[in-house]
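Here is the structure we will look at.
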Amino acid sequence: VKKRLFEETPDILNLFTKFQELKTKDSQLKSMELAEHATKVMANLDEMINGLDDMDYFFHHLHNLGKFHRKIPGFQKENFLVSV
C-alpha cells in the first residue's frame, strides 16, 4: 500500500513552517523547499540502509534523527507510524 504523508495526515504540514501554505498536491509538487526536504529524507534513509551492517552506527543515526524531530513543536511519533 502506497501512502502519502500529507494526504493521509494533512495536519503534519503545520509542523513545517516552510510547508504550511502547501495545501494542494500541485503546490507541494512545485515546492523547491519540499523537494529539498524530500532529498534530505531520502539521503538519511540511504545512509541508514547502508549502515545496516553496523547496528551501532544504525541506531546512533536513528537516535539522532529522533532527537532532532522531538525538538519540533507539536511533533508526535504516532504521526509517522505507517502500516502497510
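The values are calculated or read from the model by the stated rules, or taken from the named source; none is laboratory data. Note that the structure is a prediction, hence the values are computed from the model and not measured. FYI the Cβ positions are ideal-geometry reconstructions off the backbone, even for glycines, and counts take in every protein chain you see. For the accessible areas, the whole protein counts, side chains as well, though only heavy atoms, and no ligand, DNA or RNA atoms are used. Shrake-Rupley method; radii C 1.70, N 1.55, O 1.52, S 1.80 Å.
Under the convention that each Lys and Arg Cβ holds +1 and each Asp and Glu Cβ holds -1, the size of the dipole of the chain around its Cα centre is about 340 debye. Would you work out the relative contact order for the chain, in percent, from Cα pairs under 8 angstrom that are 6 or more residues apart? Across the chain, relative contact order equals 29 percent.
At an R0 of 35 angstrom, the distance between the Cβ atoms of TYR57 and ASP11 translates into a FRET efficiency of 0.60.
Tell me the carbon and sulfur percent of the accessible area for the range 16-84, rounded to whole percent, probe radius 1.4 Å.
About 61 percent, which is the carbon plus sulfur part of the accessible surface.
Taking the three principal axes of the alpha carbon atoms in the chain, the coordinate ranges are 40, 26, 24 Å, sorted in descending order.
For the range 1-81, the set of GluC sites (Glu not before Pro) satisfying both a DSSP loop assignment and a count of at most 15 other C-beta atoms within 10 Å is given as GLU21. The C-alpha atoms of the chain define a longest principal axis, and helix 55-70 lies at about 30 degrees to it.
Given the DSSP H assignment, sum -39500 (n - 2.57) over each helix run of at least 4 residues in the chain and divide by its residue total; what's the result at 222 nm in deg cm²/dmol, nearest 500?
-16500 deg cm²/dmol
For a 18 Å ceiling on Cα separation, which of these pairs sit above it: LYS18/LYS40; LYS40/LYS67; LYS23/LYS71? Flagged as over cut-off: LYS23/LYS71.
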